[in-house]
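Please read through the structure below; I'll follow up with questions.
The values are calculated or read from the model by the stated rules, or taken from the named source; none is laboratory data. Remember, it's a predicted structure, so these values are computed and weren't measured experimentally. All Cβ positions, even for glycine, are placed from backbone atoms using ideal geometry, and neighbour counts span all protein chains on display.
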Amino acid sequence: MIKKIFFQSIFFNFFFLKEVFAAESGGMPQLNPEFWVSQIFWLTLTFGILYVVLSKLILPKISVNLELRKSQIQENIEAAESQRENSESKLKEYDEIISKSKLEAKNIFKEAREKALKTINSKRETLDKQIDEEIKKAEQEISILKKGAPEKINKIAIETSSELVKKLIGTDVNNSSLSAIVDDLSKKNRNKYYDN
Amino acid sequence: MAANPMTQFEVYRIGPEIKIGVFDISFTNASLFMVLSSLAILIIFNIGSKKNSMLPNKIQLLAELSYSFVAKMISDTAGSKAKPYFAFIFSLFMFVLFCNMFGMIPYTFTVTSHIIVTFVLASFIFISVTIIGFIKHGFGYLKLFVPSGVPVVLLPLIVIIEIISYLSRPISLSVRLFANMMAGHTMMKVFGGFVISLGIVGGWLPLSFSVALTGLEILVAFLQAYVFAILTCIYLNDALNLHH
């Protein structure tokens with residue numbers, strides 16, 4: 001009996017703690033096989049039930065929960081992404097419309113300016129033509145007047161001189177002789193007054 | 001004289017003696033804590049999985065975090081082929097963790113501080129992994145003992161070493177958990193005994209040690225459960241993905 005305990009103590013001392021054998025009862029309760037079968041039985045039972053319930057009921061639920069949350073978050077992220085893209089494209093469209101309308105406004109402004117310039121130019125041309133024509137007419141009239149002027153002056157000179165002579169002398173003077181004198185005088189003085 | 005630090009590991013009958021044939025399967029304090037641990041796991045994870053809200057509450061978060069923790073551990077060590085064994089490794093990890101943690105409550109019993117419990121778990125894992133390996137690879141599973149790139153001269157020696165290391169897996173796995181638990185709890189008991197025997201004058205030093213040891217033991221309780229589960233994953237990985 002003592003020998004057995006001694007051998008046991010040496011064997012287990014090698015494996016485990018010293019305090020075990022300092023105590024009076026000796027040995028480790030773990031190596032007492034009295035309840036080994038009971039422990040194996042209850043371990044198998046409890047662990048088996050735990051495994052079955054966890055694997056059949058609880059773990060699938062947790063997995064489904066996780067998957068659902070993951071997919072929902074993914075969906076939300078995708079929705080946000082698509083909305084962002086949408087808003088970006090809208091912004092682009094808006095920018096395009098603005099730039100287009102700016103261009104159009106520029107074009108319209110240009111066209112209007114050109115039109116106005118054209119009308120102004122054409123009006124000016126017609127006006128210039130009219131002015132030119134009037135000037136020409138006036139010049140022609142002036143030249144006609146210029147040409148007619150000496151004869152008329154001569155006539156007036158002849159009439160006035162015949163009247164003067166009549167009043168001075170009291171007799172009629174031959175018109176032809178008067179006109180000859182006036183012509184002569186006007187020819188002499190032509191260079192003086194109409195030298196242009 | 002302080003109480004024997006080993007008395008905390010004694011198993012005693014609770015209630016009547018139950019016998020099947022010659023086997024005594026009475027309900028003991030060990031059975032009580034196995035049942036308590038399993039119940040605690042089931043209750044926590046049942047509450048944690050009941051309703052699925054977008055913003056999980058604490059228990060749901062706990063359940064889901066442990067789920068993804070174990071899932072990541074398995075996929076990191078054993079790859080995607082180990083997915084069918086997820087539930088088993090999850091239950092194993094949780095069972096060992098809760099048994100260890102229940103043992104940290106004063107006056108409780110630590111189920112995993114008994115070699116028979118850890119040995120049954122470890123040998124179950126060992127036998128299942130071996131069976132899975134032979135089913136997946138046939139006799140090609142024996143290639144596990146023949147590492148590639150070894151000189152022919154050394155091969156007999158290496159094969160013998162590999163076989164011995166493979167066969168010692170259940171022993172190392174079970175003794176690691178059991179010895180860690182037992183040593184930690186014995187140490188705590190011894191320091192607790194010192195507090196009593198040194199009294200109000202000298203008891204403060206062992207008391208502070210005891211407090212520190214409690215923190216350490218909680219860490220060890222988690223770590224040993226983790227090691228137990230991750231070694232199971234590694235053994236499973238050997239059986240599923242034969243790399244040699």
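Do we have any residue at all in the stretch A:42-64 that's surrounded by 12 or more Cβ atoms within 10 Å (Cβ to Cβ), facing chain B (nearest Cβ under 8 Å), in contact with a His (Cβ under 8 Å, 6 or more places away or on another chain) and over 23 Å from B:Leu61 (Cβ atoms)?
No.
For the stretch B:1-55, give me each residue that is assigned to a loop (DSSP other than H, G, I, E, B), closer than 30 Å to A:Arg69 by Cα and hydroxyl-bearing (Ser, Thr, Tyr).
If we filter the stretch B:1-55 for residues that are assigned to a loop (DSSP other than H, G, I, E, B), which is where we start, we get B:1-6, B:10-12, B:14-18, B:21-22, B:25-27, B:51-55.
Next cut, closer than 30 Å to A:Arg69 by Cα only: B:51-55.
Answer for the stretch B:1-55, where residues must be assigned to a loop (DSSP other than H, G, I, E, B), closer than 30 Å to A:Arg69 by Cα and hydroxyl-bearing (Ser, Thr, Tyr): just B:Ser53.
Given the conditions (1) more than 7 Å from chain B (Cβ to nearest Cβ); (2) at pLDDT 90 or above; (3) under 21 Å from B:Leu177 (Cβ atoms), report the number of the one that A:Pro33 does not fulfil.
(2) is the only condition that A:Pro33 fails.
Regarding the stretch B:104-115, can at least one residue be identified that is more than 9 Å from chain A (Cβ to nearest Cβ) and in contact with a Cys (Cβ under 6 Å, 6 or more places away or on another chain)?
Within the stretch B:104-115 (the criterion being more than 9 Å from chain A (Cβ to nearest Cβ) and in contact with a Cys (Cβ under 6 Å, 6 or more places away or on another chain)), the answer is yes, since at least one residue qualifies.
Separate question: Would you confirm, using the coordinates I've provided, whether A:Phe6 is surrounded by fewer than 18 Cβ atoms within 10 Å (Cβ to Cβ), more than 7 Å from chain B (Cβ to nearest Cβ) and modelled with pLDDT under 85?
Criteria met by A:Phe6.
State whether the residues of the stretch B:67-81 include one that is assigned to a helix (DSSP H, G or I), within 27 Å of B:Leu236 (Cα to Cα), over 20 Å from the mean Cα position of the chain (by Cα) and not hydroxyl-bearing (Ser, Thr, Tyr).
yes
Looking at the stretch B:21-48 only, could you name the residues that are more than 7 Å from every other protein chain (Cβ to nearest Cβ) and within 16 Å of B:Phe102 (Cα to Cα)?
B:Asn29, B:Leu32, B:Phe33, B:Leu36, B:Ser37, B:Leu39, B:Ala40, B:Ile43, B:Ile44
Still on this model: So B:Lys50 fits all but one of (1) in contact with a Ser or Thr (Cβ under 9 Å, 6 or more places away or on another chain); (2) among the charged types (D, E, K, R); (3) without any contact (Cβ under 8 Å) to a residue 12 or more places away in the chain; what number is the exception?
(1)
Which number in (1) in contact (Cβ under 8 Å) with a residue 60 or more places away in the chain; (2) out of contact with any Leu (no Cβ under 9 Å at 6 or more places or on another chain); (3) under 25 Å from B:Val70 (Cβ atoms) marks the one condition that B:Leu223 misses?
The one condition B:Leu223 does not meet is (1).
Moving on. For the stretch A:71-116, how many residues are among the polar types (S, T, N, Q) and within 14 Å of chain B (Cβ to nearest Cβ)? Spell out how you get there, then give the answer.
Within the stretch A:71-116, the first condition is being among the polar types (S, T, N, Q), and the residues that meet it are A:71-72, A:74, A:76, A:82-83, A:86-87, A:89, A:99, A:101, A:107.
From what's left, within 14 Å of chain B (Cβ to nearest Cβ): A:71-72, A:74, A:76.
Residues in the stretch A:71-116 being among the polar types (S, T, N, Q) and within 14 Å of chain B (Cβ to nearest Cβ): 4 in total.
Sticking with this one: Identify the residue in the stretch B:114-155 that is under 30 Å from A:Val37 (Cβ atoms) and among the polar types (S, T, N, Q) and, among all such residues, is surrounded by the most Cβ atoms within 10 Å (Cβ to Cβ).
In this case the residue turns out to be B:Thr118.
Which residues, taken from the stretch B:1-20, are surrounded by 13 or more Cβ atoms within 10 Å (Cβ to Cβ), of a type outside the set (S, T, N, Q) and more than 7 Å from every other protein chain (Cβ to nearest Cβ)? It would help to see each step written out before you state the result.
Keep residues of the stretch B:1-20 that are surrounded by 13 or more Cβ atoms within 10 Å (Cβ to Cβ), which gives B:2, B:4-6, B:8-11, B:13, B:18.
Then keep just the ones that are of a type outside the set (S, T, N, Q); that gives B:2, B:5-6, B:9-11, B:13, B:18.
Answer for the stretch B:1-20, where residues must be surrounded by 13 or more Cβ atoms within 10 Å (Cβ to Cβ), of a type outside the set (S, T, N, Q) and more than 7 Å from every other protein chain (Cβ to nearest Cβ): B:Ala2, B:Arg13, B:Ile18.
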